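Below is one structure, written out as structure tokens, with a few remarks after it.
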Amino acid sequence: KTLRIGVIGGDGVGPVVLQAAQRVLEAVPGIPKPSFVPLQAGFEHFQKTGTALPRETVDALKSECTAAMFGAVSSPSHKVAGYSSPIVALRKEMDLYANVRPVKSVEGHDPRVVDMTIVRENTECLYVKQETIEDTATGRVARATRQISERASTRIGRMAFEIALAAAEVKKQRGGSYGWTGAPTVTIVHKSNVLSVTDGLFRESVRAVAKEYPTVEVNEQIVDSLVYRLFREPEKLSTLVCPNLYGDIVSDGAAALVGSLGLVPSVNVGDSFIMGEPVHGSAPDIADRVPSIANPLASIRSAALMLEFMGYVEPAAKIYDAVDESIRQGKVTPDLGGKLSTEEVTEVVRKQL
Ligand code: NAI
Ligand code: MG
């Protein structure tokens, strides 16, 4: 068995944090020796070639890669003719319909216990990007289509229930002292009090799946009050299932609870492909620093998450433990109050392995 990992560094800090992830994958015991396929995508690539996501990248992922890692891409906030975010396109192209984002505090380090997983629908909602603008008598009016389908909501619901069960199993094995201790729980995040048709369908579809999982408790919460709760009592939240936009926003908010966006990993999951990706973006404000001070831990944890979803549970756990240990020891980058560079932190993690 071989592991051929497509590596799409992208823009800004993307390439440097993915290099860190590669070096950790090379060091972790218990997996086949990985090989890496460097692939292009991003705004810089677009400026050079006119294409943000080259066909060769998608083809290589489909034909030669076992899985992939994605760094980050810069997307300008104004419209650039011909440009559209390659990560949004890639998720659709590879049908990576779930974005799974665990946000966890480090035991014995963070004052607050946070241990939640945000399961974000990854293919629709406002991200179908069907926007129009028209001139009217009173000025311009812009509109966006928000698509919620039963199929996408059902499969993201099923993913959330599976993750809740798996998380509860891990809790049982590690003992109940860490994080929430109750039965597996899924909280449906929506706004169907206002958007009763779209969010209504999301809520109903996830609730319909719940019948297949009688041992999982189902809650629901309106997205704005969920954010309130996220800051007031995050220790009570476990698995959240969200339509695309709410999931995007809630997970950056949750990242603040554990100290830095530079810590939070994610994995894009489809039925036949897995792609790890840190939650953060290209961090242009620190991207030019030499030596790099970008926190590599989100990417390193994303590599572990990728392994976990491929079935390499033990090697993944080793990486998580090594990352936690480097945080406990304060051997971290400036975003966490430390003094180390990207490379030095990576070395600390590798040594733990
Ligand atoms: P960002 O996540 O890049 O940065 C937000 C803040 O967090 C910045 O202060 C940054 O320095 C810090 N930060 C992020 N990652 C870090 C790391 N690894 N280590 C230390 N500090 C880190 O979000 P922002 O600034 O809103 O967006 C910048 C660009 O990234 C935009 O062009 C945006 O479109 C793109 N972006 C891309 C994403 C992706 O490729 N999946 C996701 C989010 C944003
Ligand atoms: Mg985001």
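The values are calculated or read from the model by the stated rules, or taken from the named source; none is laboratory data. In this text, all values refer to a predicted model and were calculated from it rather than measured experimentally. Methodologically, a virtual Cβ is constructed for each residue, glycine included, from the backbone with ideal geometry; neighbour enumeration extends over all protein chains shown. Accessible surface is based on the protein model in full, side chains and every heavy atom, while ligands, DNA and RNA are left aside. Shrake-Rupley method; radii C 1.70, N 1.55, O 1.52, S 1.80 Å.
What number of residues within segment 231-243 satisfy the criterion of being open to solvent by less than 10 Å² (accessible area, probe 1.4 Å) and either assigned to a helix (DSSP H, G or I) or near ligand 2 (Cβ under 10 Å from one of its atoms) (or both)? Final tally of qualifying residues: 1.
A quick yes/no check of all residues on (1) farther than 30 Å from T66 by Cα; (2) of a type outside the set (V, I, T); (3) open to solvent by 10 Å² or more (accessible area, probe 1.4 Å):
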residue: R91; (1), (2), (3): no, yes, yes
residue: L96; (1), (2), (3): no, yes, no
residue: G139; (1), (2), (3): yes, yes, yes
residue: A152; (1), (2), (3): no, yes, no
residue: F161; (1), (2), (3): no, yes, no
residue: A164; (1), (2), (3): no, yes, no
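A Cβ distance below 8 Å, combined with a sequence gap of six or more or placement on separate chains, defines the contacts here; from segment 315-328, residues that are among the charged types (D, E, K, R) reach residues that are in a helix (DSSP H, G or I) in the pairs D321/Q352; E325/Q352. For segment 28-71, the set of residues classified as assigned to a loop (DSSP other than H, G, I, E, B) and more than 19 Å from L305 (Cα to Cα) consists of Q40, A41, G42, G50, T51, A52, L53, P54, listed by residue number. From the list Y246, Y213, the lone residue that is surrounded by 15 or more Cβ atoms within 10 Å (Cβ to Cβ) and more than 22 Å from the chain's Cα centre (by Cα) is Y213. Exactly one residue among V250, V323 is assigned by TED's automatic domain parsing to the domain that holds A68, among the hydrophobic types (A, V, I, L, M, F, W, C), part of a helix (DSSP H, G or I) and under 19 Å from M116 (Cα atoms), and that residue is V323. As a summary of the residue check, E308 satisfies the conditions (1) at pLDDT below 95; (2) part of a loop (DSSP other than H, G, I, E, B); (3) touching a helix residue (DSSP H, G or I) at 6+ places or on another chain (Cβ under 9 Å); (4) closer than 25 Å to K62 by Cα except for the one numbered (2).
Within segment 87-102, residues that are touching a residue at least 24 places away in the same chain (Cβ under 8 Å) and among the polar types (S, T, N, Q) reach partners that are within 14 Å of ligand 1 (Cβ to nearest atom) and in a loop (DSSP other than H, G, I, E, B) with beta carbons closer than 6 Å, at six or more positions or on different chains, in the pairs N99/N122; N99/S266. Scanning segment 64-99 for residues that are modelled with pLDDT of 95 or more and of a type in the set (V, I, T) yields T66, V73. In segment 311-337, of all residues being acidic (D, E) and within 16 Å of K351 (Cβ to Cβ), the one that is most open to solvent (accessible area, probe 1.4 Å) corresponds to D321.
Annotation: of all residues in segment 249-274 being among the hydroxyl-bearing types (S, T, Y) and within 13 Å of ligand 1 (Cβ to nearest atom), the one that is surrounded by the most Cβ atoms within 10 Å (Cβ to Cβ) is S266. Of the candidates L297, L305, L353, the single residue that is closer than 20 Å to D11 by Cβ and either in contact with a Lys or Arg (Cβ under 7 Å, 6 or more places away or on another chain) or open to solvent by less than 40 Å² (accessible area, probe 1.4 Å) (or both) is L297.
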